[in-house]
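Bear in mind that the values in this text are calculations on the coordinates, not laboratory data. Given the structure is predicted, the values throughout are model-derived calculations rather than measurements. Neighbour counts are summed over all protein chains in view; Cβ atoms, including those assigned to glycine, are modelled from backbone coordinates with ideal geometry.
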Amino acid sequence: MSLESQLALGVAAMKVSLPDGAVDRLAQYLRLLEKWNRVHNLTAVRDLEQMVTLHVLDSFSILPYLANAHTLVDVGTGAGLPGIPLAIARPDLRVTLLDSSHKKATFLEQARAELKLGNVAVACERVERWHPQAKFDAVVSRAFAELADFVQGARHLVSDEGTMLAMKGVHPFDEIARLPAGFRLDQVVELGIPTLEAKRHLVLLKAT
């Protein structure tokens with residue numbers, strides 16, 4: 001089965017509606033990631049087939065919780081996850097990819113150019129030192145840090161009515177108990193991803 005067919009099947013199973021050309025663009029992104037990964041070790045996932053589930057479909061699992069967002073920053077984005085798949089799925093969403101690694105930022109700039117992602121910006125900064133002109137509707141992290149560290153480091157990036165979203169594996173009961181003052185737990189959602197047996201949860205946080 002071609003990479004494009006595998007992506008299309010996974011997207012259909014998740015009932016995700018994509019714009020024209022998105023599947024081809026996603027395949028192009030994964031092939032570029034695989035190519036760079038041979039030299040630069042951007043992700044521990046080496047197999048293209050696994051990347052479809054572990055990277056793309058995993059990223060798409062949070063789309064329903066971004067319905068009202070117009071701007072998003074992906075904190076500690078690494079190889080562009082979940083930011084690049086989300087930007088491909090939502091051309092109307094302005095996505096900033098934030099990572100302190102110059103190696104990863106170089107890949108992200110290359111991907112942005114090759115995929116012609118006009119709604120994507122790349123920032124190579126440490127999150128706690130980065131102060132953009134405008135705050136974001138959604139501040140996302142994917143296994144970036146413990147919840148308390150994520151909130152402490154990135155709380156200045158979220159708008160007053162915005163949401164901080166942390167993508168986690170098992171339900172992080174202990175991490176939630178250590179949340180700092182100024183933020184409250186909005187909800188914890190168990191995410192369903194086709195062909196993935198491992199647990200995935202999304203923690204949504206709001207400023208108080």
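Of note:
- Contour excess over end-to-end distance, with Cα ends at R31 and A181 and 0.36 nm allotted per residue: 49.7 nm
- Chain lengthening between L9 and E161 when straightened (0.36 nm per residue, less Cα-Cα): 51.2 nm
- When region 4-104 is described by a simple charge dipole with +1 on each Lys and Arg Cβ and -1 on each Asp and Glu Cβ, the residue from L57, P82, S5 located farthest towards its positive end is P82.
- Centre-to-centre, using Cα atoms only, region 21-74 and region 102-157 are separated by 15 Å.
- Percentage, to the nearest whole number, of Cα pairs in region 101-151 over 17 Å apart: 50 percent
- Distant-in-sequence amide H partners of T163 (H built 1.01 Å from N, under 5 Å): A138, V139
- The residues packed around A69, meaning those with a beta-carbon under 15 Å from its beta-carbon, carry a net charge of -2 if Lys and Arg are +1 and Asp and Glu are -1.
- When only the Cβ of Lys, Arg, Asp and Glu is charged (+1, +1, -1, -1), the dipole of the chain relative to its Cα centre reaches about 280 debye.
- Given the chain, longest segment not containing exposed loop trypsin sites (Lys or Arg not before Pro) (DSSP; at most 13 other Cβ within 10 Å): 47-115
- Region 38-169: C-alpha gyration tensor shape, a/c 1.5 cut-off, then a/b vs b/c: rounded
- Here the dipole of region 75-165 is about 240 debye; that uses its Cα centre as origin and unit charges on the Cβ of Lys and Arg (positive) and Asp and Glu (negative).
- For the chain, the longest piece that avoids every one of the GluC sites (Glu not before Pro) found in DSSP loops with at most 15 other C-beta atoms within 10 Å covers 1-124.
- Spin-label model distance (nm) - E197 vs A143, 7 Å beyond Cα toward Cβ: 1.7 nm
- Flagged links, alpha-carbon separation over 29 Å, of K15/K116; K116/K206; K104/K135; K35/K206; K15/K103: K116/K206; K35/K206; K15/K103
- The residues S141, S100, S61, when put in order of fewest to most other Cβ atoms within 10 Å, stand as S100, S61, S141.
- Cα-based shape type of region 1-108, given that a ≥ b ≥ c are square roots of the gyration tensor eigenvalues and the cut on a/c is 1.5: oblate
- The helix-only estimate of mean residue ellipticity at 222 nm for the chain, built from DSSP H runs of length n ≥ 4 each weighted as -39500 (n - 2.57), is -9500 deg cm²/dmol after division by the residue total.
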